[in-house]
Ligand SMILES: Nc1nc2c(ncn2[C@@H]2O[C@H](COP(=O)(O)OP(=O)(O)OP(=O)(O)O)[C@@H](O)[C@H]2O)c(=O)[nH]1
Ligand SMILES: [Zn+2]
């Protein structure tokens, strides 16, 4: 009995990264010190090698997570060990630690990777809440987070059946909030747009669905799964002997191809580590800012600010600028909270300011 790993997203470029004498497997779930993985010869629960444990004690980012591709080594006693994780091409990181920053982290779970190798990030926002329409600010925030992960965001305006008139106008508004991002209306209830969503998963791509509670994320995943009990998908393909049917509950293979990662961490994903992401989602403001008189213009009350001028002329909705300011502040706050390097920089800045104050005698009563 074998699994076709290409259906799980295995590619030639990943194969080139595989260490000698190891077998590839995809992590479907992690537990303390162990992971559920799917290899060509079936599903296994594997412990971490000393090397992986050492690396992750030093930097929690090195801990295996759902979506990772792992290298398994066969031990003398006949069981596998998770010996290494292959380089991630995308990652959702909790704690605002940039993908390039390593070390200097507190060991309190900050900097933990929530999901790896996610190709497509669906941002689900209901066309209508109880009393309100789609929340553009939340879309901006989640799209920024999606960019930050390295995946490709796609905005889904869900429950489109609740909308009788004005859906096109709403979609147009959403497009201004997410420049360069595909935006689609979906109704899982009616099946509208579901095939379009599925087309993003062609080539065995991996997706996550982000969005507020009640956005219809589970309903959409179920619609994609065609009403099948998702956990049993791969098990049925095998001989089923001695396998847990719950193994796949965090990495869900869809019958039409492609995978969805759904974990509690991804469900709670908030505003983690996004600075590059904010710049990308506000590329229109970035473009306008090139014409500001000052290179470091804060678009606040600086003279010669092209962004403020665009708001004045109506070219840029004021809501966009307010949203940008809010996300900038939050992203900066997140970064200082978690990125040790930045924190040190901030401390140095304050040291210099305090020194200046002492010198000028300004802190005397
Ligand atoms: N009218 C309509 N209702 C929908 C649609 N999709 C989902 N719903 C309903 O919206 C409610 C919430 O859907 P869920 O799929 O549970 O939402 P969720 O985003 O997974 O929510 P959490 O699990 O809380 O994160 C349910 O009552 C669904 O039946 C849709 O396309 N149209
Ligand atoms: Zn400006």
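Every number here is computed from the coordinates shown, using simple stated rules; none is lab data. Nothing here was measured: the structure is a model prediction, and the numbers come from that model. As a convention, Cβ positions derive from the backbone with ideal geometry for all residues, glycine included, and neighbour counts pool all protein chains shown.
Structural remarks
- Exposure proxy order (Cβ contacts within 10 Å, fewest to most) of 188, 204, 313, 6: 313, 6, 204, 188
- Ranked for footprinting exposure by Cβ neighbours inside 10 Å, fewest first, 59, 296 give 296, 59.
- Residue separation of residue 6 and residue 133 scaled by 0.36 nm, minus their Cα-Cα distance, works out to 41.7 nm of gained length.
- Residues 163, 133, 92, sorted so that the one with the fewest Cβ neighbours within 10 Å comes first: 133, 163, 92
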